[in-house]
Amino acid sequence: GDPPMLELIPLVRENMPDYVTATWLKKMSFMTAKFVVNKAAEDGLIDLNMMNAVLSLYTSSGSIDRAVEFHQLEFDRHSAVPNAYSDRLVLQMYLKNNRLSRALAFKKKVEENGRSLDLKAYGSLIEYCSRRMQLGSAILLLRECIYVHDAPPNEASLSNLRLICRQEGLVENVGLTDLIGVDPTGKYLIGINGARWDITNVVRSIFQSG
């Protein structure tokens, strides 16, 4: 059987390198995760929560191909069907590494398998596009999200989209208020002829002039 913890801990301590690097830690994390999954499979204890925990490790490690392989192959090998959280982990990994085209291709594959992205995943896509001034893509994704979920993502994901539309004077043109309602933060003032000023900038100007 497996060695008891009182024997295992000294062995691990004695085999630790003098200087621990990030690469070594990642390698050990992957080895540990692989051991845990295989052991759980042998004991019939593997479940979706465990698979997602290991997938989270892979997606946060910076190894895109390793994470995608785990999502595509290991879930199937252990008869575990990815859920919305599984898909979101992979999608957000792509966005974190500035791989929008691969993120969209992954989204298409998820949909072909009969699943949909959840609200948080749509929010990540919309926020990514908004931060890069890709207004058209952000609006299309927002409309699709509302069509799929009958609701938009959370406000934090939409703040940059609201900002761009205000700055470019496109709030009415794109029907933003009809899609997601008025800005709940109330960050801007409306003056004569519909002119808008950010309250933060107004307050800053007052204090500077004083």
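The values are calculated or read from the model by the stated rules, or taken from the named source; none is laboratory data. Keep in mind that this is a model prediction, so the values were computed, not measured. In this analysis, Cβ positions are derived from the backbone assuming ideal geometry, glycine residues included, and neighbour counts consider all displayed protein chains. The accessibility values were calculated without ligands, DNA or RNA, using every heavy atom of the protein model including side chains. Shrake-Rupley method; radii C 1.70, N 1.55, O 1.52, S 1.80 Å.
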**Failed criterion for Thr185 (all others in (1) in a helix (DSSP H, G or I); (2) open to solvent by 20 Å² or more (accessible area, probe 1.4 Å) hold)** = (1)
**Asked** Among the residues of segment 124-144, how many are under 17 Å from Gly175 (Cβ atoms) and basic (Lys, Arg)?
**Response** 1
**Item:** Candidates Ala121, Ala80, Ala53, Ala67, filtered to the one that is under 27 Å from Val36 (Cα atoms) and touching an Asp or Glu at 6+ places or on another chain (Cβ under 8 Å)
**Value:** Ala80
**Request:** Go through segment 118-177 and count every residue that is closer than 23 Å to Pro82 by Cα and free of Cβ contacts under 8 Å to residues at least 12 places away in the same chain.
**Result:** 2
**Output for segment 146-177, where each listed residue is assigned to a loop (DSSP other than H, G, I, E, B) and open to solvent by 60 Å² or more (accessible area, probe 1.4 Å)** = Asp150, Asn154, Glu168, Glu172, Asn173
